[in-house]
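Here's the structure, in structure tokens; my notes come after.
Bear in mind these aren't lab numbers, they're just calculated from the coordinates by the rules spelled out. Worth saying up front: this structure is predicted, and the values here are computed from it rather than measured. Neighbour counts are summed over all protein chains in view; Cβ atoms, including those assigned to glycine, are modelled from backbone coordinates with ideal geometry.
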Amino acid sequence: MNILVINGHPNPNSLNATVAQTYIQTAESLGATVRYLAIGELDFNPNLQYGYAQRMELEPDLLRALDDIYWSTHQVWIHPMWWMGMPAVMKGFFDRLFLPGLVFKHHSTTHTEGLLQGKTARILVTMGDLSPEIHQSTYQSSGLIPLQEGILTYCGVQIQQTEVVGPLNDYSPSDIKNLLEQVKQNAQEDIKKYQNQNIYSQNQK
């Protein structure tokens, strides 16, 4: 199982980074091969300067990130929700890298093919002062739509689980500990599901 853990938080010392490392350590202890992609540490221009009128050359860090995405069988996307969306550097990452011919292909004005089919994903979003209940009831879970539907599903990735965590501003040390324990369980669940799918596939041969 090739797992790519992507951290969209620009601060390398954030709780999101701790969550990512907790998932990685658990998955590796269970035999998975894991790569880590910290978007905030990449060296690239996040501005799609010409829109789609002119293709910008991809920087080496973006090329390596694209290779990681192609390599993965399962992706774990972790990011904070700021102003009902992802951090600017993460949005810039998608603007620059998730391009026609790389992760999706237009066949006609009514049909687009996702080129990342066969891959699965888990999404974990943290919120500072908003609870999952308020995010769902008041905002109709709109903060999840860009990544879940507008990007990953559009490009062919199958979303297996989406979790919203918060409000972190009110979290105690005990709450943080419980969150990290849940992340460990998430990693265990992902690998178990993958193993069960492999057993099923082998039995069908």
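The stretch 19-46 and the stretch 159-191 have Cα centres lying 16 Å from one another.
Pairs of Cα atoms nearer than 8 Å and 6+ residues apart set the relative contact order; for the chain it is 23 percent. Mean separation of Cα pairs under 8 Å and 6 or more residues apart, divided by the residue count, gives the stretch 1-121 a relative contact order of 32 percent.
With a Förster radius of 22 Å applied to the beta-carbon distance between residue 73 and residue 41, the computed FRET efficiency rounds to 0.40. Scaled against the 2.2 N^0.38 Å expected of a compact globular protein of N residues, the Cα radius of gyration of the stretch 85-170 reads 1.23.
How much length, in nm to one decimal, is gained on full extension between residue 52 and residue 197, taken as 0.36 nm per residue of separation minus their Cα-Cα distance? Let's see the in-between values first.
Details: separation 145, 0.36 × 145 = 52.20 nm, distance 3.88 nm.
Once the chain is fully extended between residue 52 and residue 197, it gains 48.3 nm.
Mind giving me the FRET efficiency for residue 109 and residue 66? R0 is 22 Å, r the Cβ-Cβ distance, nearest 0.05 is fine. Mind showing how you got there, number by number?
Numbers: r = 26 Å, r/R0 = 1.20.
Result of the calculation: an efficiency of 0.25.
A simple rule links phi to the HN-Hα coupling: the Karplus curve 6.51 cos²θ - 1.76 cosθ + 1.60 with θ = phi - 60°, which for the stretch 2-13 gives 9, 9, 10, 9, 10, 10, x, 7, x, 8, x, 9 Hz, with x for Gly and Pro. Both numbers refer to the Cα atoms of the stretch 10-62; Rg and Dmax are 15.5, 46 Å.
Which value, in Å³ per residue, describes the convex hull spanned by the Cα atoms of the stretch 33-83?
Working: hull volume 6.3 nm³, N = 51.
Measuring per residue, one finds 124 Å³ for the Cα hull of the stretch 33-83.
Positive end of the charge dipole of the stretch 60-188 (Lys, Arg +1 and Asp, Glu -1 on Cβ, about the Cα centre): tell me which of 157, 88, 141 has its Cα farthest that way. Towards the positive end, the residue furthest out is 157.
Kirkwood's formula applied to the C-alpha pairs of the stretch 131-172 gives a hydrodynamic radius of 11.5 angstrom.
Relative protection proxy for 4-13, 146-155, from highest mean packing down: 4-13, 146-155 (other beta-carbon atoms within 10 angstrom).
Within the chain, how many lysine pairs that are 8 or more places apart, or on different chains, have C-alpha atoms less than 29 Å apart? Lysine pairs satisfying the spacing and distance rule in the chain number 14. Compactness of the chain was expressed as the Cα radius of gyration divided by 2.2 N^0.38 Å, which yields 1.04.
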